[in-house]
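Laboratory data are not the source of any read-out in this text; all were calculated from the coordinates shown. The model shown is predicted, which means the values in this text are computed figures rather than measured ones. In this analysis, Cβ positions are derived from the backbone assuming ideal geometry, glycine residues included, and neighbour counts consider all displayed protein chains.
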Amino acid sequence: MEVRVLGPLEVLVDDRRLDLGGHRQQIVFASLALEANRVVPVGRLMEAIYGDDLPSTSRAQVQICVSALRRLFNTHDYPDTIVTRSQGYLLRVTEGALDLDRFVSLVESGRRARSAQNIDEAVRNIRAALALWRGRALYGLESRLVQSAANRLDERRINLHEDCVELELELGRHRDLIPELSDLVEQHPLRERLRGQLMLALYRSGRQAEALEVYRQARRTMIDELGLEPNQWLQQLEHAILTSDEELAAPVSPAPPAPAPLPPVAPALVVAPVDDLPVGAISPPVIVAPTEPVVPATVPCLLPTDIADFTGRSKQIDVIEQQLLMAAESPTQFAVPIVVAAGKPGIGKTTLAVHVSHRAATRYPDGQLFADMHGRSPQRVGPMQVLERFLRTLGVPGTAMPEVLEERAELYRDLLSDRRMLIVLDNVAGESQVLPLLPGTPHSAVLVTSRSRLAGLPGAIHLDVDVFDEEHSLELLAHVAGRERIEQEPEAAAQLAFLCGNLPLALRIAGARLSARQHWTVEHLVERLDNEARRLDELKHSGMGIRASISLTYDSLTEEARRLFRRLAVLDVPSFSGWVSAALLDEPVMDAQDLLDDLAEAQLVESTSMGPGQVPQYRFHDLIRVFARERLAAEESVADRNAALCRVLGALLFLAEAAHCGLHGGPYFVLSSDATRWPLPQRLTEQLVARPLSWFERERHSLVAGVRQAAQAGVTDLCWTLAHIAVTLFEPRIYLNDWRETHRIALAASKAAGDERGQAAMLYSNGSLFLAEQRFDEARRDLEAAGVIFRGLDDEQGLALVTRQIAFADRIRGDLPAAATRYEHALNSFRRSGDLGAAAYVLHSLAQVHMESGHPQDALAILPEALVMSRSARSRRVEAQVLHRMGDTHLNTGDPHAAATAFAEALAVVQDIGDPVGEAYALHGLGVAHMTAGDLCAAETALQSALGLASTAGERLIEARVSLALGELALERGSATQAVVHLHRALGLFRGIRAPKFEQRVLTKLTEAYVAAGGREHPAATAAEPVRDNVVPLVRQPRQQRPDRTGSGSSVVQGLRQG
C-alpha cells in the first residue's frame, strides 16, 4: 500500500487508487497520514473535521469515520492499518510507503551531500525529492488543521526548490535553469530569492537587459502588492548587474566560495565617568579615545568538539537548520533568529546544540561563539563575564573594555552588526542571562539551551527535547558499549534502555560502564539497575552522574517547591492532576499550582496535557521519580508522608463522589462511610467533574493505586470507599480486572481491620462483578453474605442494594415471581430512604420482569413513573436506561414509531453524558425501530453508526447484535449476499462471548440468507437444516411475539449498567 500526501490525497493498493469515502473520512485519514506511526489524539481529529465549533456528536463522527476506513482497508487485506490507542488513533505505515517519509529521507541525504561538498549528489537527491510532488499538498481538503500542515509542507517545498537552484547555479547550470525559474517566479511573484536567482541566471547567460527587466517587474509588483521596495539583497544584486560586478561571474568549478573577509572593525568608544553631577542631572557622556587600538581578531570558533557517536534528533536538527536557513536567506524580514532548545537534565540539549552548530558553521563565516552559563548551579555565569570574554575574542583589548554592562552590550552589538556569527549559549537559567548577549542585527543567530522554556525571549522558536525512543536508545548504547554486545543480548539491552528511562545521559553512562567492564554482561548491569534504591548510584561513571545533574536543579528551587517535589513521590501513579499539589501541601489550590508550574518550568515534572481545553496531567521521568523518592525518605518524616497521602486520597474520594453525583444526580446506588474527605473549592470541583465519566477515565489509574496505597497505609474506610465509588467507572466501561483487583485488596483490608460495613460493601460489589461475569452461583453466595452483614448492622440501604441484585440473578435464572417480589421489597426501601435514582432503576428492572412474564402493558404502565423519578433525581444514566426500556417495550407491543421516539431521546442523553457504548445501544435500538417501521434507509444509517461506535469501544456484545440487525436489514432489502457477510460476523462474535441464544437466532437467519442466495439446495443451507428445523417455530411467530430484536435484558452487563 502506498500513501500520498504531496499533492491530492491518494492511497494506492496494487497501483489502484482506493476510494477513501466522504470529505470527513478523507480529513481523518489525512490527519493520521501527516502523523504516520504516531498517535493522533481524538480531539485533534475532531478539530480537523469541525474546527473550533465542535458539535456534540463530533467524537462519534470521528469513530464512524475510523470504522469506515478500517472496513475499507480490511477488504483490501490491510486489517491493522489504523489501530486504537488510549488517547487516539495511529496509522501504521511501512517504511517507504508514505511519500512524505521518502521526501524527508531524500532531503536529508541531499543535506549530507551538501555538507560534504558533493554538490552533484546533493542536487540529484533534492531533485528526486521534488519529483515526488504532484501539486499542492493535500489539495482540496477543506480543514483548517490539515491545510495549516499542508501550507507548511508547501513552504518547505518551495524553500527546497530555491536551495536546489542555488546549488545548480554553483554548478554553472544557469542557462538550463532559466525556463524553470521563469515558471517559479510566475507562480510565486513575491518571493524575492527566486527573482534574484532568475536575474543571476539571465546575467550569467549574457542577457543583462532581461535580468534588469526582471528587477523592474519585481519592484513594481512589490510596490503595488505590498507598498514596499525590494529587499536590500535584491537592490544590491541589481546594482552589481548594472556595474557588471566581477563577483557575479559564473563559477569556474563547483568548489565552494571562500569565506567573506572580515569587515573592518570600527574603533571602540569608551564612556568616561562624569563626576560631581547633582542627583537627577542629565549630561551627555564624555567620549574619549581608547588607550589601545581595537585589533580585528582572527575568525573565532569557540565551539566544543562535536561527538562522533551523535545519535538521533533528526527532527530537531531539521527544525533548527530550517530556522537558521530562513533567517540567513531573508535577513531583512527577521529579527535576530533565536532558537531555544529546552529539556530535562541529561536529555542531551548541549550535545544537540554543539552538533547542529558544527553543521551550520559554514553559514556563519565570521565565527562561532560559545558560552556555558552554568544554569542553576552556584557557579552561574552572568552576562557581564560572558561579554568580556566575547569582546576579547573579537579583538577588544582589556584597556578598552567598558566597565558597565550596558556599554559592553552596546560595543558587542556594534562589533557584530556587519558580521555573520553564530552565538551558542548553553545551560541558561533565565532570560536575564540571554538578553544582553543578543546581537542587534539579524545577520547573526543565537542558539540557546536551557531546562526552562524561556518564554520571555521575544520571537524565539521553542524546541522541546524529549527522551529517545527505544530504537535510538539502543543505537546510542551500541555506539558506546559496542554493537556486538548489544546485539547479542537484545532483550536485556531493551530492558537496560527502559531502566535508563531512555534518557541520553543515563544511556551514555550505562554504555560507558559496560565498555569499561568488558567482563560484564548487559543482563548483569540490568540486574544492578533493577534495584531502584541503588539505581542512581549505579548510573555514575567518570564524573558523569544522574543524581548530580538532577541535584543542581533541585537545589536551586525554593523550599516550598522542593517540598512539593518530594511529596509528589508519595503517589504511586504514572501521572497526576494539578489539584494533587494542593492536597499534598495542605495549601490553597492556586498557590500549590504555581509551585507545580515552577517544577514543570524546571523540567522536574512534565505536562502530558493534549491541548487547549483539556485538563493538564503531570508525570515524573522514571529517574527523576527515583531521585524524588530519595529526597522524600531523607527529608520528610513518616508522619508527614502519611498525612500528605491521606489528604490526597481524601481529595480523590471527594472528587469521585462529586463525579458520581454528576452522573446519577445524587449519591444514589452507593454506600456512605466515615472516611475523611479533603474538599476542594466548589468552582474547581465543578470544572473538573463537568463531564463525570471523562473525569473517572482520566483518574482511573489514580483510583486503582489509591485503593492499594490506602490499604498499605491502614486507612481502611478510605480504601473500601474508594473501591466502591470506582465501580461508577468500572461497570459501564467494563474494566473488570480493575474492579476485581481493587475489591480483592479492599475486602482483605476490611477483614484485617474488622470493618464489618466495609466487608459487606465489598461483598455486595463483588457479587455485582460476578453477575457481570455471568458467574451466578458465586454472585449469589457473596450477595447473600453481604445481606447477612447488612441485616446485622440494621443497614436498610445496603440490604436494599443487595436485594436488587439478587432479584436480577433470580430473573436471569428464570424465577420471575421471586425476582418481582425482591424488586418490590427493594423499591419500598429506596422510597423510604429517598434514593430516587435507585428506585427508578428498580422500576425499570421490574418492567423487564413484566415483559418477560408476558405482560407488556404492565411494563408500559410503570415505566413513566420510573422516567419521572429518574428526571427528578437528575440521574441521566438511569433516565437513558428507562428510555431504552421504553423503546424495547414499544417494539414488543408493535409500536415502532413510539419506540423510535424513546430510543432517540435515550440517544440524546447518552451523547450528552459522553457514553459511546450507551450511544451504540441507543443507535441499535433506533435502527431496529426504523427497520420495523419500514424505513430501511434510516435504519441503515443508525446501525452503521452503532457498528462504528461498538467496534471502536471494543464492546463485542453490542457489536454482534448490530451485525445481526444489519444482516436482518440486508435480508429485508433482498441482498442475501450482504446478509451472509453481516451474519457471519455476528456469529463469530456471539460464539466468542458464549451467547448460545443469539447464536441460534443468527443460524436461523443464515439459513434464510443462504436459501435466498442459492436456493434450498445450496450446500450451506442443507448443512443448516437441522438448526433451521429447531428454530422454525420462532421464525413463524408473529412479529410482536418473536424474541425481542434488541435483546433487552439478555446482556448481563447491560442489565447491570448504572454507573
- Estimated vicinal HN-Hα couplings, Hz - the range 843-856 in sequence order (Karplus 6.51, -1.76, 1.60; Gly, Pro = x): 4, 4, 5, 5, 4, 5, 4, 4, 4, 6, 8, x, 10, x
- Note on the structure: Long-range amide H partners of ALA429, meaning residues 5 or more apart or on another chain whose placed amide H is closer than 5 Å, are GLY375
- Calc'd 3J(HN,Hα), the range 364-369, phi into Karplus 6.51 cos²θ - 1.76 cosθ + 1.60 (θ = phi - 60°), Hz, glycine/Pro = x, comes to 10, x, 8, x, 10, 9
- Task: Estimate the FRET efficiency between LYS997 and SER872 by the formula 1/(1 + (r/R0)^6), using the beta-carbon distance for r and 22 Å for R0, to the nearest 0.05.
- Result: 0.05
- Task: Label the range 637-794 by shape, choosing from rounded, prolate and oblate, from the square roots a ≥ b ≥ c of the eigenvalues of the Cα gyration tensor; if a/c is under 1.5 it is rounded, and otherwise prolate applies when a/b is larger than b/c, oblate when it is not.
- Result: oblate
- Sorted by chain and then number, the residues having a modelled amide H within less than 5 Å of the amide H of HIS462, at least 5 places away or on another chain, are VAL340
- Item | Angle in degrees between helix 405-416 and the longest Cα principal axis of the chain, rounded to the nearest 10 | 80
- In the chain, taking the dipole from +1 charges on Lys and Arg beta carbons and -1 charges on Asp and Glu beta carbons about the Cα centre, the listed residue (VAL83, ALA880, LEU394) farthest towards the positive end is ALA880
- Taking every DSSP beta bridge that has both residues in the chain, what percent is antiparallel when rounded to the nearest 5? 50
- PHE770: net charge of surrounding residues, Cβ under 14 Å, Lys/Arg +1, Asp/Glu -1, itself excluded? 0
- Task: Please give the direction-averaged projected area of the C-alpha convex hull for the range 3-99, in square nanometres with one decimal.
- Result: 6.1
- Message: At a 10 Å Cβ-Cβ cut-off, how would you order LYS540, LYS997, LYS1005, fewest neighbours first?
- Response: LYS997, LYS540, LYS1005
- Evaluate the relative contact order of the range 650-780 (contact order divided by residue number), counting alpha-carbon pairs under 8 angstrom at least 6 apart; express in whole percent. 22
- Message: How high is the relative contact order of the chain? Use alpha-carbon pairs under 8 Å, at least six apart in sequence, and give a whole percent.
- Response: 6
- Message: Using the crude model of +1 on Lys and Arg Cβ and -1 on Asp and Glu Cβ, and no other charge, please compute the dipole size for the range 637-794 relative to its Cα centre, in debye to 20.
- Response: 300
- Message: Given the -39500 (n - 2.57) contribution per DSSP H run of 4+ residues, what per-residue ellipticity at 222 nm results for the chain, rounded to the nearest 500 deg cm²/dmol?
- Response: -20000 deg cm²/dmol
- Message: Taking the square root of 5 times each eigenvalue of the Cα gyration tensor, what semi-axes in Å does the equivalent ellipsoid of the chain have, largest first?
- Response: 65, 40, 26
- Take the alpha carbon gyration tensor of the range 358-417, find the square roots of its eigenvalues, order them as a ≥ b ≥ c, and report rounded if a/c is under 1.5; if not, report prolate when a/b exceeds b/c, else oblate. oblate
- Query: At a Förster distance of 45 Å, what's the computed FRET efficiency of THR57 paired with GLU108, Cβ-Cβ distance as r, to 0.05?
  - Reply: 0.60
- Which cross-chain or sequence-distant (5 or more) residues have an amide H under 5 Å from the amide H of GLN617, H modelled 1.01 Å from N in plane? THR608, SER609
- Message: Which of CYS646, CYS65, CYS937, CYS301 has the fewest other C-beta atoms within 10 Å, and how do the rest follow up to the most?
- Response: CYS937, CYS301, CYS646, CYS65
- Task: Before anything else, pin down the relative contact order of the range 470-542: Cα pairs under 8 Å, at least 6 apart, normalised by residue count, whole percent.
- Result: 33
- Note on the structure: With x for Gly and Pro, the residue-by-residue ³J(HN,Hα) of the range 770-778, computed from phi through the Karplus equation 6.51 cos²θ - 1.76 cosθ + 1.60 at θ = phi - 60° and given in whole Hz, is 5, 4, 4, 8, 6, 9, 5, 5, 5
- With each pseudo-label sitting 7 Å past Cα toward Cβ, what's the SER853-ALA634 distance in nm, one decimal? 7.2
- Task: Using the Cα centre as the reference, give the magnitude of the dipole from point charges on the C-beta atoms of the range 509-570 (Lys, Arg: +1; Asp, Glu: -1; all else neutral), rounded to the nearest 20 debye.
- Result: 100
- Once both labels are modelled 7 Å past Cα along the beta-carbon direction, what's the GLN488-ILE461 spacing in nm? 4.4
- Simple spin-label estimate for GLN712 and ASP245 in nanometres, 7 Å along Cα-Cβ: 7.1
- Taking the convex hull of the alpha-carbon atoms of the range 470-542 and averaging its shadow over every direction gives an area in square nanometres of 4.1
